[in-house]
1. Hey, how many Å between the Cα centroid of region B:60-81 and the Cα centroid of region A:1-71?
2. If you add up the charges near A:Leu12, with Lys and Arg at +1 and Asp and Glu at -1, over every other residue whose beta carbon is less than 9 angstrom from its beta carbon, what do you get?
3. Quick query: amide H of B:Val148 versus all other amide H atoms, modeled in the peptide plane; which residues come in under 5 Å with a sequence gap of 5 or more or a different chain?
4. Around B:Val190, with a cut-off of 12 angstrom between Cβ atoms, what is the net charge of the other residues, counting Lys and Arg +1 and Asp and Glu -1?
5. Label position 7 Å from Cα toward Cβ: report the copy-to-copy distances for A:Glu184 in nm, one decimal, ordered from shortest.
6. Report the far tail of the P(r) of the protein assembly as shown, meaning the percent of Cα-Cα pairs longer than 30 Å.
7. Sort A:193-200, B:65-72 for me by packing, meaning the mean count of neighbouring Cβ atoms within 10 Å per residue, highest on top.
8. Stokes-Einstein diffusion coefficient for region B:82-194 at 37 °C in a medium of 0.692 mPa s, Rh from the Kirkwood formula over Cα pairs: what value in µm²/s?
2 protein chains.
Amino acid sequence: MRKVADSTVRRLSLYLRYLEEFEHRGHATVSSDALATRGGTTSAQVRKDLSFFGSFGKRGLGYPVGDLARRLREILGLTRRYQLAVVGAGKIGGALVQYRGFRLRGFDIVAIFDSDPAKIGRTFDGLEVRDVAELESVLAEQPVDMGVIVVPGEQAQVIADRLVAAGVKAILNFAPAQLAVPDEVSLKNVNLALELEALSFTLANR
Amino acid sequence: MRKVADSTVRRLSLYLRYLEEFEHRGHATVSSDALATRGGTTSAQVRKDLSFFGSFGKRGLGYPVGDLARRLREILGLTRRYQLAVVGAGKIGGALVQYRGFRLRGFDIVAIFDSDPAKIGRTFDGLEVRDVAELESVLAEQPVDMGVIVVPGEQAQVIADRLVAAGVKAILNFAPAQLAVPDEVSLKNVNLALELEALSFTLANR
DNA sequence: GTTTGTGAAACGATTCACAGCT
DNA sequence: AGCTGTGAATCGTTTCACAAAC
């Protein structure tokens with residue numbers, strides 16, 4: 001498959017949400033312009049994004065809401081569920097486990113690890129915190145598709161290496177660290193301090 | 001000031017962190033190449049990014065670590081502290097309040113709100129959850145620079161409007177919603193489901 | 001008449017490459 | 001000799017504009 005820009009993929013996810021809204025409101029078709037207005041972009045952008053994957057619309061009519069939503073789910077790989085392991089049972093790690101939005105969209109957190117004896121054995125939403133020392137053995141028995149790293153920055157690379165060795169093919173990293181992973185593993189970073197600093201920049205440069 | 005690309009600002013934040021590392025290790029100067037290697041980018045990129053704001057280096061020598069870090073803090077607006085209000089005292093909201101990383105980098109959460117009577121009056125890290133009905137009166141007495149929205153998607157726009165009316169100039173939005181804010185208010189979105197779906201896309205299209 | 005799909009044009013960001021300073 | 005600062009070249013993304021389909 002041709003290389004798809006990250007920004008394109010993000011917009012596809014958004015389009016899918018908007019389509020679900022339109023579907024819910026009983027619309028049978030939707031125009032690129034309607035989708036664009038909903039998402040704050042342009043109709044040309046919507047059509048370019050979609051045309052990358054095929055030709056889904058009817059000229060003069062627009063796109064069939066249900067069909068397009070289905071196709072986007074296929075394209076985004078959302079026709080199956082994903083198993084996730086969270087490493088780090090601190091405030092954020094615990095919050096992620098208990099957050100229902102992930103499950104709702106097909107992502108099941110099936111394991112959570114920590115190295116702190118005070119946290120091991122606690123449960124979040126019925127999920128017991130396991131000793132991170134057992135990461136390999138737990139994942140051998142219960143394989144996961146993605147790993148979520150929520151440990152301090154210094155420990156993040158070691159955890160990433162262990163997740164990769166355990167067969168994880170995608171990592172969502174919340175630690176403020178620049179992780180190195182093999183090419184075949186995909187990596188996304190969420191760095192909250194970075195977002196706040198970007199806001200700070202705009203406040204300082206108005 | 002000329003328009004600065006968002007990607008540039010993100011890299012400046014990263015450069016600042018790397019400079020702090022180099023400073024900590026006692027380096028007096030650092031080359032664009034050293035910074036680039038540390039951050040996984042190119043030396044030309046580093047020089048372009050910096051040259052946007054001035055000429056900080058010495059040819060043949062590199063950049064003075066301490067001076068450049070200071071300048072980057074000025075550019076990013078990090079020479080002052082910022083007061084933040086969090087709206088939504090659920091799992092994520094609570095986790096943010098208790099997360100020490102923000103305070104460490106100059107962002108103080110001084111108020112947290114929720115509409116759930118079961119949560120109002122609870123404290124996180126000594127900070128009492130206030131009724132969101134009191135948002136305007138609390139912020140009138142204790143003004144904040146930034147608002148953090150951690151409420152369900154349907155409520156996010158109303159909260160954004162109220163924060164803006166209360167004088168907030170920057171918003172960090174965790175709700176899965178496309179918020180409309182006036183031009184003079186800066187907005188950053190963090191959408192975790194979107195990140196997971198981007199990972200899902202790469203898994204589905206390898 | 002409406003709206004898609006798509007080449008072409010415009011724009012923006014990154015990389016190249018080198019003159020100029022230390 | 002080493003490394004910055006930057007104009008020029010390249011690359012990638014977005015917008016334009018219109019022929020084709022309904």
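Readers should treat all values here as calculations from the given coordinates under stated rules, not as data from a laboratory. Values in this document were obtained by computation on a predicted structure and should not be read as measured data. Quick reminder, even Gly has a Cβ in these numbers, built from the backbone with ideal geometry, and neighbours come from all protein chains shown.
1. After rounding, the separation between the Cα centres reads 43 Å.
2. With Lys, Arg at +1 and Asp, Glu at -1, the net is 0.
3. The list, which skips near neighbours in sequence, is B:Ala85, B:Val86, B:Val87, B:Leu172.
4. Values: positive: A:Lys188, B:Lys188; negative: A:Glu195, B:Glu195.
Cβ neighbours under 12 Å give a net charge of 0.
5. From this label point to the equivalent ones elsewhere in the assembly: 5.5 nm.
6. Of the Cα pairs, 49 percent sit more than 30 Å apart.
7. Ranked by mean Cβ neighbours within 10 Å, highest first: A:193-200, B:65-72.
8. Working: Rh = 13.8 Å.
The calculation lands on 237 µm²/s.
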